[in-house]
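Presented below is the structure to which this report refers.
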Amino acid sequence: MQIFYEPDILANGGFLNEEEAKHCIKVLRHKAGDEIYVIDGKGSRFLCQIAEASPKSCKLDILKTEKEAPSVEQCHIAIAPTKSIDRFEWFLEKSTEIGVDKITPILCKQSERKRIKLPRLERVIIAATKQSQRLWKPDIRELTDIYSFLEKDHPETRKYIAHCEENEKKELFSELQKGEPGDSVLILIGPEGDFSSEEIAKALSKGFQPVSLGKNRLRTETAGIAACMSVQLTRSYTK
């Protein structure tokens, strides 16, 4: 059964937004009486029956509601967008499937991409959320300067910076296993040219621990996936 996304289904009278309605009725050729699933990205999944089948205004009757509480073990990846937007979108897609909860694109000294189109990136995340049958859509923030980001108060319990300088670092996966159940995690991933020495020093002064993602040098998007996967494996390992 197909899954559709409508964040305001409870507030708007049961209508799909125009983009999802068009896909439901015009592309997939659903009709009145058909049953579909809708998620709101906020922890709820609805079994719905199509009451009015219009590509511009698809009305639904909610038959059943499932709810999932938010995880306290939030995984937040702050990452420099890659020069190739396709590679960054690949990261968004795969990290969503793996289980990331929040993504903050960061602008660093050696960043090759200075701008992003947030609505386009949101669509990538929504598609991956539906495909992976998640009930909570990851939150993606606006592109933020690294120093502005570091000056903010972050609620995550454990904070790490993955960089390539030959300083003393510990393996991320090993460090994650030292945490407690329920810990939330924030990991900084730099651009292809790595964080500058000043950016690393600033992060360390704000309580971020320096970590390694392995002996091989990784592309930015691969490093982001490795970090996200390390968090998920740790959660599975400790349960």
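The values are calculated or read from the model by the stated rules, or taken from the named source; none is laboratory data. Model, not experiment: these values are computed from the prediction. Quick reminder, even Gly has a Cβ in these numbers, built from the backbone with ideal geometry, and neighbours come from all protein chains shown.
Tabulated data for the structure shown
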read-out: Residue match in the stretch 108-123 (condition: surrounded by 18 or more Cβ atoms within 10 Å (Cβ to Cβ), touching a residue at least 60 places away in the same chain (Cβ under 8 Å) and under 15 Å from Arg141 (Cβ atoms)); value: no
read-out: Residue match in the stretch 9-27 (condition: part of a loop (DSSP other than H, G, I, E, B), buried (at least 16 other Cβ atoms within 10 Å of the Cβ) and β-branched (Val, Ile, Thr)); value: yes
read-out: Those strands (runs of 3 or more DSSP E) lying entirely in the stretch 39-103 with at least 3 residues over 16 Å from the mean Cα position of the chain (by Cα) and more than 24 Å from Asp145 (Cα to Cα); value: 44-52, 59-67
read-out: Number of the exception - Asp183 against (1) assigned to a helix (DSSP H, G or I); (2) under 16 Å from Ile77 (Cβ atoms); (3) not hydrophobic (A, V, I, L, M, F, W, C); value: (1)
read-out: Output for the stretch 133-171, where each listed residue is without any contact (Cβ under 8 Å) to a residue 40 or more places away in the chain and under 20 Å from Lys94 (Cβ atoms); value: Asp139, Arg141
read-out: The one condition in (1) on the phi > 0 side of the Ramachandran plot; (2) surrounded by 15 or more Cβ atoms within 10 Å (Cβ to Cβ) that Ala80 fails to fulfil; value: (1)
read-out: Residue match in the stretch 172-181 (condition: buried (at least 18 other Cβ atoms within 10 Å of the Cβ), of a type in the set (Asp, Glu) and touching a residue at least 60 places away in the same chain (Cβ under 8 Å)); value: no
read-out: Condition broken by Cys48, with the remaining ones in (1) surrounded by fewer than 18 Cβ atoms within 10 Å (Cβ to Cβ); (2) in contact with an Asp or Glu (Cβ under 9 Å, 6 or more places away or on another chain) satisfied; value: (1)
read-out: Candidate set from the stretch 154-166 (those that are assigned to a loop (DSSP other than H, G, I, E, B) and either of a type in the set (Phe, Trp, Tyr) or over 20 Å from the mean Cα position of the chain (by Cα) (or both)); member that is farthest from Ile103 (Cα to Cα); value: Glu166
read-out: Test: Thr82 is farther than 23 Å from Trp136 by Cα, touching a Phe, Trp or Tyr at 6+ places or on another chain (Cβ under 6 Å) and either outside the structural domain of Leu16 (by TED's automatic domain parsing) or at pLDDT 95 or above (or both); value: yes
read-out: Any hit, the stretch 202-215, residues being among the β-branched types (Val, Ile, Thr) and either outside any strand (DSSP E or B) or not assigned by TED's automatic domain parsing to the domain that holds Ile85 (or both); value: no
read-out: Candidates Glu175, Glu122, Glu142 - the one that is acidic (Asp, Glu) and either assigned to a loop (DSSP other than H, G, I, E, B) or not assigned by TED's automatic domain parsing to the domain that holds Glu89 (or both); value: Glu142
read-out: Which numbered condition Ser57 fails, given (1) in the same structural domain as Phe195 (by TED's automatic domain parsing); (2) hydroxyl-bearing (Ser, Thr, Tyr); (3) at pLDDT below 95; value: (1)
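Residues checked against (1) among the polar types (S, T, N, Q); (2) on the phi > 0 side of the Ramachandran plot; (3) surrounded by 13 or more Cβ atoms within 10 Å (Cβ to Cβ); (4) in the same structural domain as Ile85 (by TED's automatic domain parsing):
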| position | (1), (2), (3), (4) |
| --- | --- |
| Glu168 | no, no, no, yes |
| Leu186 | no, no, yes, yes |
| Ser196 | yes, no, yes, yes |
| Ala223 | no, no, yes, yes |
| Thr234 | yes, no, yes, yes |
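Residues checked against (1) surrounded by 16 or more Cβ atoms within 10 Å (Cβ to Cβ); (2) of a type in the set (A, V, I, L, M, F, W, C); (3) over 13 Å from Ile9 (Cα atoms):
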site	(1), (2), (3)
His30	yes, no, yes
Glu68	no, no, yes
Trp90	yes, yes, yes
Ile103	yes, yes, yes
